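Read-outs: derived from the displayed coordinates by stated rules, not from any lab. Computed from a predicted structure; not experimentally measured. Cβ placement follows ideal geometry from the backbone for every residue including glycine, while neighbour counts extend to all protein chains displayed.
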Amino acid sequence: MKETQAIHATTVIGVLRDGKGALGSDGQMTIGSTILKQSTSKVRRMLGGKILVGFAGATADAITLLDRFDEKLQAHGGKLERAAVELAKDWRTDKYLRRLEAMLAVIGQDRALIISGTGDVIEPEDSIVAIGSGGMFALAAARAMLRSTDKDAKTIVAESLKIAAEICIYTNDHIRVEEV
């Protein structure tokens, strides 16, 4: 079994605050140290816009996982946690899926989850999800803003992405933020 490497070359962050959720990403697409595109969309709406999903990792792998997650949401009546667990289970055990290299950050109105190929479904205690190479920079910024300001979720996500872009070479300031 191969060792899982950290997914890099992007930043995705989501925040829940005051009954609203926001998820955003930068737009940079890279191969190695080469920038291929500045304005890639890494956030998708699912379940009629009620759920936001962002991805980090290989794009084709992520699209496959997004499609599978959407199927799981439909099959389980929109129950976010159940769909996430079922996706993680399939991702870890399916011969084809377990080779996919990506991570998903998910925001609903009252849940924030990270789903990984190692079978993890993580619901952070602080309601902030962050993935990708700039994820921890954005996470630190979001935590500071949650503790020290009254800014809404969408503003926190946008400002956290801008801070990550100032630090992470794989993150740019062409950001996209969605809200539920």
Mean separation of Cα contacts under 8 Å (6+ apart) over length of the chain, as relative contact order %
34
Full-extension gain in nm, ILE169 to THR59, via 0.36 nm per residue minus C-alpha separation
37.7 nm
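What does the extension gain come out to for LYS162 and ARG147, with contour length at 0.36 nm per residue minus their alpha carbon separation?
3.6 nm
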With Cα extents along the principal axes in Å as the read-out, I listed [x] 73, 21, 20; [y] 43, 41, 30; [z] 43, 39, 26; which label goes with the value calculated from this structure?
[z]
Residues with beta-carbon under 10 Å from that of GLY54, excluding GLY54: net charge, scoring Lys, Arg +1 and Asp, Glu -1?
+2
Extension gain (nm, one decimal) between ARG98 and ASP120, 0.36 nm per residue minus Cα-Cα
6.7 nm
Work out Dmax and Rg for region 4-64 from the C-alpha atoms and quote the Rg first, both in angstrom.
12.9, 39
Of LYS20/LYS162; LYS37/LYS162; LYS72/LYS95; LYS89/LYS154; LYS72/LYS151; LYS79/LYS154, which pairs sit farther than 27 Å apart, going by alpha carbon to alpha carbon?
LYS89/LYS154; LYS72/LYS151
Region 91-130, Kirkwood Rh and Cα Rg, ratio Rg/Rh at 1.05
Expected sort for 90-99, 26-35, 50-59 on mean C-beta neighbours within 10 Å, highest first, is 50-59, 26-35, 90-99
